[in-house]
Every structure is written in C-alpha cells, then in structure tokens.
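The values are calculated or read from the model by the stated rules, or taken from the named source; none is laboratory data. Treat the numbers as computed from the prediction; the structure is a model and nothing was measured. Using ideal geometry, Cβ is built from the backbone for each residue, glycine included, and neighbour counts are taken over all protein chains shown.
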Amino acid sequence: MRVADLDPNALRAGGAVLGALLGLVGAKLADALPRRYGITHLATGARRSRRNAVLVALSTLTSLGIAHVLAGGAADMSLAHAAVLLLTNGAAASAVLAGAAIDLEHMILPNELTLGPAVLCLVTSPFRSVGLVGSIAGALSGLAIAYLPFLLYKRIRGQSGMGLGDAKLAMMAGAWHGVAGAPFVLFLGAVQSTLAAVVMRALGVEYREPESVTAEIRDLRARAEAGDEEAKRELEDDPMAGEAREGALGMRLPLGPFLALGCIEVLFLRRWLVENVLDWLMR
C-alpha cells in the first residue's frame, strides 16, 4: 500500500496524534531526567504545566508538518516507509524539544536526549535520504564543528566556553540531517541565539540563570572554600561561575534551544538549503 492510497487528511491526523503522544513522552522526560542528574530545583505548578503544554503543542505541530510533507510529496512511497520517516523524524524532533526545555530550566542537555536520538537516526538512516554513510559523516562533522572550537577556547582561556551537551546535540543533528545539514543547524543556532540576546538586551528582557544552576554554583563555592580541590577545578572550568560580561553578546543564554530550533528548521528546509544556499556557496 502506498501513501497515495491513503486519505491525506488521515495521514495528517495520524501525524498529529503521534506528535501529541511523543510530546507527552517528552514532557515526562523533562520532568524525570533532571532528577537523574542530581537536580532538585524542578519546575512545579503552573510553570511545569505551561512547559508541558508547550512541548505537546510543538511536538504535535512538528509531526503534523512532517505528515503534511509526506502526504504532498511522497505519493509513491510505501506506507511502511512513510511510517518509519514519520516516527523517526517525529521522535527526534520531540527529543530535541524536550532537551531544549531542560536546557532552559537547568542549562544541561541529558545524554538520553542527544545520544539516544543520534543512535535512532543512525539506525534508520538507510531508510532516509541521508543514507548510512551520510548520517555517520554528518555525526562526525557535527561533533567536530562544535567540539573543536570548544577545545580551542578551553586551551586559550583555560575555561570551557560551552557545554559538552551542545556538542552531543550537534552530533545528533549531523546523524539526523547528514553532512550537508549539520553546518546549517549549527549556523542557524548560533545566529538565532545571538539575535535573541541582542533583541532581549534592546527590550530590557533579562534571562535569569536557573535556580538549579545558581544552587550548584553555591555548593561548589562552599566546597571549594572548605578546601575541596575537585570543586575548585570545577569552578575554574565552569563558565557560569564567573562574572557576567557586559554588552549585548554577554547574555548567558543556553545554546541548546537554538540548536533544537535549527534542527527542526533544517528538517523542513534541508532540500531548499542544499539546493540553493549550499550550491551558491560552492560556486
């Protein structure tokens, strides 16, 4: 049975239902995973409800969009193949959305939401346009593009400039979107995070460090003052432990949500970006 044999609205409805279910799973993970990393300052009450509602809504819209693309451009594809694409892309999108929520609340990206989806994308790559070789090359290139500046910055400044979770998310983006898509995800994430910081500065909007982060820094400082050498090393390496920088680019916004946004943008725009922007750059 092919996609063309199914009512397009039924496919779209199935995508929306799948997205809502994946969004509920993502909301559960956003509640549960921080505990696995020793975080106790968790979102509660109305704040938690709003976050979970946003996750379900965004996941639903994303999977609906994926189903809409399949309904309009994959008429000759088998339903089984379309189901693999819908489930893989929907699950990866829901994972990065949940990771973005956790990063906003705690400035961490759990391995379960970066490495786990990366494995899923690699396993399903033969059924997607990127292919296995493209997925592996994309994962390696995404990791290299994100991690090499991390190492260079640390060597020059003696301090981490970004979290390893961001590099793992970049690797996952490469496994998902291939070697051509990974640079676009990183570029879009970097540009959009900078623009967000500039706009927030201009509007006088401040992003406050999450309570879980400030609590962790307080604990590290207390342990360091008590003579704990490991705590001292962690403080020296932690970019969040220093003084905030002045200026529009000094706002400490987590990068993960913008990389997640880039992942979803490239999901829908990858072909256009490759055929137009990449070809133009390669001339």
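Determine which member of the set L273, L281 is modelled with pLDDT under 90 and out of contact with any helix residue (DSSP H, G or I) (no Cβ under 6 Å at 6 or more places or on another chain).
Only one candidate passes the filter, namely L281.
If you take the residues of region 199-231 that are more than 21 Å from I102 (Cβ to Cβ) and surrounded by 14 or more Cβ atoms within 10 Å (Cβ to Cβ), which of them is modelled with the highest pLDDT?
Only one residue fits best here, namely R201.
When region 207-229 is examined, which residues are found to be out of contact with any helix residue (DSSP H, G or I) (no Cβ under 7 Å at 6 or more places or on another chain), more than 16 Å from H41 (Cβ to Cβ) and of a type outside the set (G, A, S)?
E225, D228, E229
Could you list all residues from region 5-16 that are under 19 Å from L87 (Cα atoms), over 22 Å from the mean Cα position of the chain (by Cα) and not in a loop (DSSP other than H, G, I, E, B)?
P8, N9, A10, L11, R12, A13, G14
Going residue by residue through region 24-37, is there one that turns out to be in a loop (DSSP other than H, G, I, E, B) and in contact with a helix residue (DSSP H, G or I) (Cβ under 6 Å, 6 or more places away or on another chain)?
So far as region 24-37 goes, no, none of its residues is in a loop (DSSP other than H, G, I, E, B) and in contact with a helix residue (DSSP H, G or I) (Cβ under 6 Å, 6 or more places away or on another chain).
In region 70-97, what residues are within 22 Å of M172 (Cα to Cα) and of a type in the set (G, A, S)?
A82, A83, G90, A91, A92, A93, S94, A95 - these are the residues of region 70-97 that are within 22 Å of M172 (Cα to Cα) and of a type in the set (G, A, S).
If I ask for residues that are touching a residue at least 60 places away in the same chain (Cβ under 8 Å) and either over 12 Å from E105 (Cα atoms) or in a helix (DSSP H, G or I) (or both), which ones from region 203-215 would you list?
Correct list: E211, S212, V213, A215.
Checking the structure you have, find out if any residue of region 180-190 is part of a helix (DSSP H, G or I) and either over 18 Å from the mean Cα position of the chain (by Cα) or at pLDDT below 90 (or both).
Among the residues of region 180-190, at least one is part of a helix (DSSP H, G or I) and either over 18 Å from the mean Cα position of the chain (by Cα) or at pLDDT below 90 (or both), which makes the answer yes.
Please work out if A260 is modelled with pLDDT under 80 and touching a Gly at 6+ places or on another chain (Cβ under 8 Å).
Criteria not met by A260.
Taking region 91-138 as the search range and keeping residues that are polar (S, T, N, Q) and without any contact (Cβ under 8 Å) to a residue 60 or more places away in the chain, which one is surrounded by the fewest Cβ atoms within 10 Å (Cβ to Cβ)?
Ranking the qualifying residues of region 91-138, first place goes to S129.
Select from region 35-60 the residues that are under 19 Å from the mean Cα position of the chain (by Cα) and surrounded by 16 or more Cβ atoms within 10 Å (Cβ to Cβ) and write down the one among them that is farthest from A10 (Cα to Cα).
R51
Conditions first: (1) under 14 Å from A182 (Cβ atoms); (2) more than 17 Å from the chain's Cα centre (by Cα). S129 passes all but one, so which condition is the exception?
Of (1) under 14 Å from A182 (Cβ atoms); (2) more than 17 Å from the chain's Cα centre (by Cα), only one is false for S129: (1).
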